[in-house]
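Enquirer: Got a structure for you, written out below as structure tokens; questions coming shortly.
No value in this document is a laboratory result; all are computed from the given coordinates. Because the structure is predicted, anything quoted here is derived from the model rather than measured. When we count neighbours, we look across all protein chains shown, and the Cβ atoms used for this are built from the backbone with ideal geometry, even at glycine.
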């Protein structure tokens with residue numbers, strides 16, 4: 001009788017364990033967000049990123065397989081703040097019943113006047129690149145944690161533990177970045193990037209960013225705007241220009257050459273790298289960006 005009771009107990013234990021081992025199916029709009037969801041959810045979530053590594057979320061064109069992925073998703077994570085101009089149409093066409101989570105909820109959004117030719121020229125627009133401040137990244141992670149727990153309450157304790165660890169890691173990363181950039185003389189904290197993707201990073205850590213393109217890499221600057229930027233680079237003695245992994249480097253390289261600045265390296269503002277490259281997670285990308293910016297501004 002005792003052996004039967006023990007066996008029954010073991011069976012009940014494994015049955016209970018398997019019942020709680022739920023795996024949510026999630027879709028995220030781009031790689032940074034997909035990594036955050038995976039870091040928080042761990043084994044309790046399977047995540048697909050619509051925009052792939054080194055892909056541009058501004059100009060992405062969804063595929064039929066994307067619509068199919070959304071149709072079968074428990075949760076759909078978007079960054080919001082106007083980043084994914086194509087996502088609403090995709091959600092509508094997919095017929096998804098999955099809950100839509102806007103990961104940037106609670107972020108103090110930054111705005112700017114659009115100076116690029118187009119329908120929003122002269123209007124105040126929102127900068128969508130909020131995750132480029134690690135403190136904002138922690139807000140994203142907290143929103144993701146809540147969404148996953150709401151969808152999978154049986155595994156709440158496990159998700160909360162991994163989510164809280166990740167949030168703490170991002171807050172530590174924010175403090176580290178401040179110390180790293182504080183070591184750069186203020187007069188050297190001026191750089192050029194391909195497009196306006198770093199205003200949150202600049203505000204958080206004290207760097208002045210200039211760019212030939214606006215908040216969207218889709219924007220095409222005029223010849224007059226490029227000429228004005230080159231004059232500004234010369235006048236303000238900006239020494240360093242950075243290219244971006246997901247954009248064509250030719251324009252910013254031309255600006256650097258004509259402005260008398262040097263290329264300081266490649267940054268990852270809104271797309272993670274492939275697994276064998278240096279920015280395959282949000283933490284790695286953020287760390288790489290800060291280290292690359294610091295070295296470039298110091299002329300190393």
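Enquirer: Based on other C-beta atoms within 10 Å, arrange 273, 208 from fewest to most. Walk me through the numbers before you get to the answer.
Expert: Numbers: 273 20, 208 12.
So the ranking, lowest neighbour count to highest, is 208, 273.
Enquirer: Moving on to the next point. Cα-based Rg of segment 185-297 per 2.2 N^0.38 Å, rounded to two decimals?
Expert: Numbers: Rg = 13.4 Å, N = 113, 2.2 N^0.38 = 13.3 Å.
The value comes to 1.01.
Enquirer: How would 191, 37 line up from fewest to most surrounding beta-carbon atoms within 10 angstrom? Don't skip to the end; give the middle numbers.
Expert: Working: 191 23, 37 27.
Final ranking by Cβ density, sparse to dense: 191, 37.
Enquirer: Contact order normalised by length for the chain, with contacts defined as Cα pairs under 8 Å and 6 or more residues apart; what percent is it?
Expert: It comes to 17 percent, rounded to a whole number.
Enquirer: In terms of the Cα gyration tensor, with a ≥ b ≥ c the square roots of its eigenvalues, is segment 237-300 rounded because a/c is under 1.5, prolate because a/b exceeds b/c, or oblate? Please report the intermediate quantities before stating the final value.
Expert: On the way: a/c = 3.17, a/b = 1.60, b/c = 1.98.
It comes out oblate by the Cα gyration axes.
Enquirer: FRET efficiency for residue 208 and residue 154, Cβ-Cβ distance as r, R0 = 45 Å, nearest 0.05? Please list the in-between numbers first.
Expert: Working: r = 49 Å, r/R0 = 1.08.
For R0 = 45 Å, the calculated efficiency reads 0.40.
Enquirer: Quick one: helix 134-151 against the long Cα principal axis of the chain, what's the angle to the nearest 10°, folded into 0 to 90?
Expert: That helix lies at roughly 30 degrees to the long axis.
Enquirer: Between helix 2-20 and the chain, what is the angle of the helix's C-alpha long axis to the longest principal axis, kept within 0 to 90° and rounded to the nearest 10?
Expert: Between the helix axis and the principal axis of the chain, the angle is about 30 degrees.
Enquirer: Okay, moving on. Based on other C-beta atoms within 10 Å, arrange 102, 47 from fewest to most. If you can, show how the numbers build up before the last one.
Expert: On the way: 102 16, 47 22.
Listing 102, 47 from fewest to most nearby Cβ atoms yields 102, 47.
Enquirer: Once both labels are modelled 7 Å past Cα along the beta-carbon direction, what's the residue 65-residue 23 spacing in nm?
Expert: If labels sit at residue 65 and residue 23, their model points lie 1.8 nm apart.
Enquirer: GNM, the chain, Cα, under 10 Å: largest mean-square fluctuation among 238, 255, 184?
Expert: Fluctuation is largest for 184.
Enquirer: Top mean-square fluctuation among 88, 35, 196, Gaussian network model of the chain, C-alpha springs under 10 Å?
Expert: 88
Enquirer: Same structure again: Pick out which of 193, 25, 222 has the largest mean-square fluctuation in a Gaussian network model of the chain, springs linking Cα atoms closer than 10 Å.
Expert: Most flexible of the set in this elastic network: 222.
Enquirer: Once the Cβ-Cβ distance between residue 231 and residue 92 is put in as r, and R0 is 45 Å, what FRET efficiency do you end up with, to the nearest 0.05? Numbers along the way, then the final one.
Expert: Details: r = 45 Å, r/R0 = 1.00.
That gives a FRET efficiency of 0.50.
Enquirer: Shape of segment 41-160 from its Cα gyration tensor (a ≥ b ≥ c, root eigenvalues): rounded if a/c is under 1.5, otherwise prolate when a/b > b/c, or oblate? Could you put the intermediate results ahead of the total?
Expert: Values: a/c = 2.35, a/b = 1.38, b/c = 1.70.
Because a/c hits 1.5 or more and a/b fails to exceed b/c, segment 41-160 counts as oblate.
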